[in-house]
1. How large is the Rg to Rh ratio of segment 107-194 when both quantities use alpha carbon positions and Rh follows Kirkwood?
2. Between Leu230, Leu310, Leu293, find the one with the highest GNM mean-square fluctuation for the chain; connect C-alpha pairs within less than 10 Å.
3. Give me the base-10 log of I(q)/I(0) for the chain at each q in 0.12, 0.14 Å⁻¹, Debye formula, one uniform scatterer per Cα, rounded to two decimals.
4. In Å², what does the accessible area per residue of the chain work out to with a 1.4 Å probe?
5. Please report, in debye to the nearest 20, how large the charge dipole of the chain is about its Cα centre when each Lys and Arg carries +1 at its beta carbon and each Asp and Glu carries -1 there.
6. Under a plain spin-label model, where a point goes 7 Å from the Cα along Cα-to-Cβ, how far apart in nm are Ser82 and Glu115?
7. Going toward the positive end of the dipole of the chain, with +1 on Lys and Arg Cβ and -1 on Asp and Glu Cβ, which of Val205, Leu310, Ile63 do you reach last?
8. Work out which helices of the chain, taken as complete DSSP H runs, extend at least 20 Å along their axis over the Cα atoms and score a mean Kyte-Doolittle of 0.5 or more, then list them.
Amino acid sequence: MTVISVPTDFNVEDLYVDLRSMVGHALFLKCEGFNFAGSIKLKAATEMVAAAEWSGLLKPGSILVESSSGNLGVALSIIAASKGYGFVCVTDARCNLSARRFMEAMGGQVHIIAEPAASGGLLGARIAHVQALCASDDRYIWLNQYTNADNWRAHYRTTAPTIARHFPRLDVLFIGAGTTGTLMGCARYFRELHRQVKIVAVDSVGSVTFGGEPGRRMIPGLGTSVRPALLDESFVDDVIRVEEADTVRACHRLARRGFLFGGSTGTVVSGAQEWLARQSDPDLTAVAIAPDLGERYLDTIYQTNWLHALYGEEVLSPDTPDTLAADLRSA
């Protein structure tokens, strides 16, 4: 029996889904959504808050404020509620309604930014709003997930060592790139461990993280319109970019096996599948990190009208009845 007194005390670290039947390679999906925040962002939130408390930045009466597309905001709202801090999440319309309601249920406020900045898009506008709040009242404390080194340290201390322990012969690790906290923490750990693990970053088409022109991105989580300050590309061996339609298809293929994952996970799985299909070595052992679960996406990537309005009625057409039947027989 497990008994806890604060929500951050519960976080499943050692659950993996074997995707070999789906991708044709030894790919294991590390599930990071089994905690009270429903995503990997609980780790970064916990680490950043603890460091801010230790330094004296956070104190009784403080109000946490953060720009987030959803998952970090949810994690911070839980921590703020458990510790008695106020919380304001600055987001935009891409944030899932369920995530917004969750934060409000925890006592947080949600500020939705509608107009993009001339430079930096919606993210730039969100950050400007956060900065304005902090300038207006010194009770507002911005942990700044985009530049805070405790973001990547959380994964250096927890996520990466767990993977290394369970997969001593790991060949390749697939990690989605958002703020790049998970990516940088894991990449640094394996580099310092002197393990020959190839680090493959998975990004969304339309993101500027690894260069290229910004484009429309409707699924929150991965990708950004401003290059992440935490990113050091010298730790990354390869980058693969995934179209959002492929993210949707990967999520639906997983759901047809009984696994309901979020958009970030669909992007990572799609990217990993594409990358592995190009390799000549059939004996590679790979791990992909699944950042979140799928309940918060039921009104978006699992909702037919939303999909058809954004991606067209053919978005799921590759999954014909014959393909789906064969897919299920191989599971």
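The values are calculated or read from the model by the stated rules, or taken from the named source; none is laboratory data. As the structure is a computational prediction, the values presented were derived from the model and not from experiment. Reconstructed Cβ throughout: ideal geometry from the backbone, glycine too, with neighbour counts over all protein chains shown. Surface accessibility is based on the protein's heavy atoms, side chains included, excluding ligands, DNA and RNA. Shrake-Rupley method; radii C 1.70, N 1.55, O 1.52, S 1.80 Å.
1. Values: Rg = 17.4 Å, Rh = 15.5 Å.
Rounded to two decimals, Rg/Rh equals 1.12.
2. Checking each option, the largest mean-square fluctuation is seen for Leu310.
3. Log-scaled intensity ratios, in q order: -0.81, -1.12.
4. The answer is 43 Å² per residue.
5. Details: 30 positive and 36 negative charges, 104 e Å.
For this selection, approximately 500 debye.
6. Simple spin-label model gives 3.9 nm for this pair.
7. Ile63
8. Flagged H segments are 121-136.
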